[in-house]
Amino acid sequence: YAVTRKCALLNSIASLFRNDFNDVSKINIMRKILYILIIVTLFHNSAFGQWVLQYTGTTIYDIKFINQTTGWACGVNSVILKTTNAGVNWIPQQSNLTAGRNLIGLSMIDSNVGFIAGWFEAVIKTTNGGTNWIVLSDGPIGQGNSWNSSCFINSQTGWICGFLGVVK
């Protein structure tokens, strides 16, 4: 049944390309196909046209923006980056952790207060927009829980989750 339907569809499409253009219905169908192709092409370009690939020079695991221009990113080897111009430029910030580790869970409350959680029980906090990061927890490399995500609703209340569960 499927093969018969497929052959019938292919024969219908092939009949559109035969040299008999005296049939007005074939011309109208060809016009419709052309219009559909134009619309699909325009939609595809507009749907994906606003994304711009930016290179940070490192692997990024999380990114958060608090408004249209200000955001932070964190990633491999304790990397923390901040932008104040919608990602045109990224400014490195110091994590103050004793050793490099993957920072994965970023949670910014506002333009000043934020938290980052990472591997080997790393948890850091800023109260001045990332100018300084305060180390709240800094486990030894290769030991302890590795945090994967953080969610803070204010500067005193939040959750961090990892391989071994959730901490409030």
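The values are calculated or read from the model by the stated rules, or taken from the named source; none is laboratory data. All values derive from a computational prediction rather than experimental measurement. Cβ coordinates were reconstructed from backbone atoms using ideal geometry, including for glycine residues, and neighbour counts include every protein chain displayed. Just the protein is used for accessible areas: all its heavy atoms, side chains included, with ligands, DNA and RNA removed. Shrake-Rupley method; radii C 1.70, N 1.55, O 1.52, S 1.80 Å.
Tabulated values for the structure
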item	result
Region 28-144, accessible surface, carbon-and-sulfur percent (1.4 angstrom probe)	60
Loop sites in region 37-142: chymotrypsin sites (Phe, Trp or Tyr not before Pro), DSSP, at most 15 other Cβ within 10 Å	TRP51, TYR55
For region 80-168, accessible area per residue (1.4 Å probe, heavy atoms of protein chains only), Å²	49
FRET E, pair LYS64, VAL40, Förster distance 41 Å, beta-carbon r, rounded to 0.05	0.75
Principal semi-axes in Å for region 87-168 [√(5λ), Cα gyration tensor, largest first]	20, 16, 11
Probe 1.4 Å, all protein chains present, accessible-area order of LEU97, LEU136, LEU106, LEU164, largest first	LEU164, LEU136, LEU97, LEU106
LEU136 long-range amide H proximity, modeled H, under 5 Å	VAL123, ILE124, LYS125
